[in-house]
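Chemist: Please see the structure below; I have some questions.
FYI, it's all coordinate maths here, none of it is from the lab. Predicted model only: the values in this text are computed from it and were never measured. Please note: Cβ atoms are built from the backbone with ideal geometry, for glycine as well, and neighbour counts cover all protein chains shown.
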Amino acid sequence: MLDKPSILVVEDDAEIRQFLQSSLQLNGFVTVCVSKIEEAKQHFLSAKPALTILDLNLPDGDGAEFIATVRQSSDLPIIVLSAKQSEQEKVRCFDLGADDYIAKPFGVQELLARIRVSLKRTRKMSLRDDVYQIDALQIDVANQWVKLGGTTLHLTPIEFKLIFHLAQKPGKVFSHRQLLSAVWGSEYVDEIHYLRIHMGRLRAKIEHNPAMPRYILTESGIGYRLAAQ
């Protein structure tokens, strides 16, 4: 069927590649599998897939190169699937523009759930007049307001910038550096304490229990994300 989402799988391990292809096809996705960065770039330019699953250790280089190339022109969802599990590696990929990161070995149901969230987020991004809503929280970036339980919240300019930036892609992890650069400027990318202080204040205004947040979630050592609907 023509309306099935197309997923580009970039993976050099033949067994994992075959497993991913079979699992995705069984769940209604069209898949194209390649094993090299250059092949991935060519397919991205010619076929415009709906989402990419990307390994990092590839025969012709570092898969992160593909992320950097794509982000020059596209918001294509990219889910990194890698045996590298360090926080430093995850931060590097998120800083380059990856949407998600799953460590190997992985569960196929978790992967499918992450794919669904990414594709849903992409569909919602095309609805420019859409209001993000989850439970009692509403965010309207276009009209510059945030409501909780129907009541308009009075946020500081910094708090508005933080929540509006997260609301661009609900469910996506934004690294500390990305948020600091977007809200304060590139010269502040190492001032993580700025971010923690203001995020704490923002959570105090929107979370029923800031110690167990429902809306703004922490990715330990990496950054923050707005809960997906």
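Chemist: Below 8 Å, C-alpha to C-alpha, sequence gap of six or more: please give me the relative contact order for the chain in percent. Don't jump to the answer; show the numbers that get you there.
Modeler: Values: 346 pairs, mean separation 30.9, N = 229.
Here the relative contact order equals 13 percent.
Chemist: For helix 14-26, what angle does its Cα long axis make with the longest principal axis of the chain, in degrees from 0 to 90 and rounded to 10?
Modeler: 70 degrees
Chemist: Quick one: give the max-minus-min coordinate of the C-alpha atoms of the chain along each principal axis, largest first, in Å.
Modeler: Principal-axis extents of the chain (Cα, largest first): 53, 39, 31 Å.
Chemist: Only loop residues by DSSP count here, and only those with at most 10 other Cβ atoms within 10 Å; note down the trypsin sites (Lys or Arg not before Pro) in region 32-133 that meet that. Intermediate values should be presented prior to the final figure.
Modeler: Values: sites: 36, 41, 71, 84, 90, 92, 114, 116, 120, 121, 123, 124, 128; in loops: 36, 71, 84, 128.
Here the trypsin sites (Lys or Arg not before Pro) that fit, given the DSSP loop and packing criteria, are 128.
Chemist: I need the chymotrypsin sites (Phe, Trp or Tyr not before Pro) found in region 59-107, filtered to DSSP loop residues with at most 16 other beta carbons within 10 Å of theirs. Show your work: numbers first, answer last.
Modeler: Working: sites: 66, 94, 101, 106; in loops: 106.
Those that pass, being in a loop and sparsely packed, are 106.
Chemist: Now for a separate question. Could you go through region 216-224 in sequence order and give the Karplus-derived ³J(HN,Hα) for each residue, using 6.51 cos²θ - 1.76 cosθ + 1.60 with θ = phi - 60°, rounded to whole Hz, and x for Gly and Pro?
Modeler: Result, rounded to whole Hz: 9, 9, 8, 9, 3, x, 10, x, 9.
Chemist: How long are the three semi-axes of the equivalent ellipsoid for region 132-226, computed from the Cα gyration tensor as the root of 5 times each eigenvalue, in whole Å, largest first? Walk me through the numbers on the way to the answer.
Modeler: On the way: eigenvalues 84, 41, 30 Å².
Semi-axis lengths for region 132-226 are 21, 14, 12 Å.
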